[in-house]
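S.K.: Take a look at this one; I'll ask things after.
The values are calculated or read from the model by the stated rules, or taken from the named source; none is laboratory data. Because the structure is a prediction, the values reported are computed rather than measured. A quick note on method: Cβ atoms are made from the backbone with ideal geometry, for glycine too, and the neighbour counts reach across all protein chains shown. Side chains are part of the model used for accessible areas, which takes the heavy atoms of the whole protein and leaves out ligands, DNA and RNA. Shrake-Rupley method; radii C 1.70, N 1.55, O 1.52, S 1.80 Å.
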Amino acid sequence: MSMLKAALATILLPVAWVVRVVGLRVQQLWNFSRLQEALGGRLHSTNVVLGPVTLEGTRQIRFGRHARIYPNVYLETQGAGRIDIGDNVVLSSGVHIVAFAHVHIGDGTLLGEYTSVRDADHRRSTASMRDSGFDIAPVHVDRNVWIGRGVTVLKGVSIGCNSVIGANAVLTRSVPENSRAVGVPARAQLLTLP
């Protein structure tokens, strides 16, 4: 039985390869088409969409070119909020971006898995937290920034170009260019670049 299984597997190997390769291409095309339709056709053909993307709210979202978008990305815009994503950006699996005002992600930026970028915080209330409203301030991530896995970027934060944000950091303050920030809350220090 084991020899028969090995022989059949060898015979089916080219078929399995074709199904895998063609299946991946078809799935990527389907994911791209779904996102392009959801954005009203405003998605350049150079972008690669590797899995389903969830859009909520007004869908005021703009992608540049050559983005790589992994599965389970969540993008939400509310009210006048908008999200602008530059060229050559990577949105890893599970990235959440929420804009009530404006979230800008600059060219060449990499967002690690499960990164959360939000430009609004709930106000505190003793009555009803759900109905308390939001404090809102734009978030600006400059070009060539590397944001590690599980980072949280909160309202009003700016991250300067060429900066690195360590995994699981919580950014409550802005980070100057050519810096790294780590910790909870994150503290920035200048990077020594080669």
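S.K.: Go through the residues of segment 15-36 one by one and say whether even a single one is of a type in the set (G, A, S) and closer than 30 Å to T58 by Cα.
M.R.: Just the residues of segment 15-36 that are of a type in the set (G, A, S), to begin with: 16, 23, 33.
If we keep only those that are closer than 30 Å to T58 by Cα too, we end up with 33.
The answer is yes, given that some residue of segment 15-36 is of a type in the set (G, A, S) and closer than 30 Å to T58 by Cα.
S.K.: Another question, then. Using the structure shown, decide if N162 is farther than 18 Å from G64 by Cα and either touching a Lys or Arg at 6+ places or on another chain (Cβ under 9 Å) or of a type in the set (S, T, Y) (or both).
M.R.: Details: farther than 18 Å from G64 by Cα: yes; either touching a Lys or Arg at 6+ places or on another chain (Cβ under 9 Å) or of a type in the set (S, T, Y) (or both): yes.
Judged against the criteria, N162 is a match.
S.K.: If you don't mind, there's one more thing I want to ask. Among the listed residues S158, S125, which satisfies the condition of being open to solvent by 40 Å² or more (accessible area, probe 1.4 Å) and at pLDDT below 95? Full working, then the answer.
M.R.: Numbers: S158 fails: at pLDDT below 95.
Sole residue among the options that is open to solvent by 40 Å² or more (accessible area, probe 1.4 Å) and at pLDDT below 95: S125.
S.K.: Can you tell me how many residues within segment 60-77 are in contact with a strand residue (DSSP E or B) (Cβ under 7 Å, 6 or more places away or on another chain) and open to solvent by 10 Å² or more (accessible area, probe 1.4 Å)? So that I can check it myself, show each step before the final result.
M.R.: Narrowing segment 60-77 to residues in contact with a strand residue (DSSP E or B) (Cβ under 7 Å, 6 or more places away or on another chain): 60-64, 67-70, 73-77.
Filter again for open to solvent by 10 Å² or more (accessible area, probe 1.4 Å), leaving 60, 62-63, 68, 70, 74, 76.
Residues in segment 60-77 being in contact with a strand residue (DSSP E or B) (Cβ under 7 Å, 6 or more places away or on another chain) and open to solvent by 10 Å² or more (accessible area, probe 1.4 Å): 7 in total.
S.K.: Here are the criteria: (1) over 17 Å from F32 (Cβ atoms); (2) open to solvent by less than 10 Å² (accessible area, probe 1.4 Å). Tell me which single one G133 does not satisfy.
M.R.: Of (1) over 17 Å from F32 (Cβ atoms); (2) open to solvent by less than 10 Å² (accessible area, probe 1.4 Å), only one is false for G133: (2).
S.K.: Moving on to the next point. Within segment 78-97, which residues are closer than 16 Å to V53 by Cα, part of a strand (DSSP E or B) and open to solvent by 10 Å² or more (accessible area, probe 1.4 Å)?
M.R.: Residues of segment 78-97 that are closer than 16 Å to V53 by Cα, as a first pass: 83-85, 89-97.
Applying the additional criterion that residues be part of a strand (DSSP E or B) yields 83-85, 90-91, 96-97.
Correct list: D84, V90, H96.
S.K.: I'd like the residue in segment 153-194 that is on the phi > 0 side of the Ramachandran plot and part of a loop (DSSP other than H, G, I, E, B) and, out of all such residues, is nearest to the chain's Cα centre (by Cα).
M.R.: If we filter segment 153-194 for residues that are on the phi > 0 side of the Ramachandran plot, which is where we start, we get 156, 162, 168, 178, 183.
Of the ones still in play, those that are also part of a loop (DSSP other than H, G, I, E, B) are 156, 162, 168, 178.
Values: G156: 18, N162: 18, N168: 15, N178: 21 Å.
So, considering only residues that are on the phi > 0 side of the Ramachandran plot and part of a loop (DSSP other than H, G, I, E, B), the one nearest to the chain's Cα centre (by Cα) is N168.
S.K.: How many of the residues in segment 48-59 are over 17 Å from G112 (Cβ atoms) and either of a type in the set (D, E, K, R) or out of contact with any strand residue (DSSP E or B) (no Cβ under 6 Å at 6 or more places or on another chain) (or both)?
M.R.: Here the count works out to 3.
S.K.: Right, D142: surrounded by 15 or more Cβ atoms within 10 Å (Cβ to Cβ) and either touching a residue at least 60 places away in the same chain (Cβ under 8 Å) or charged (D, E, K, R) (or both) or not? Show your work before the answer.
M.R.: Details: surrounded by 15 or more Cβ atoms within 10 Å (Cβ to Cβ): yes; either touching a residue at least 60 places away in the same chain (Cβ under 8 Å) or charged (D, E, K, R) (or both): yes.
Yes: the conditions hold for D142.
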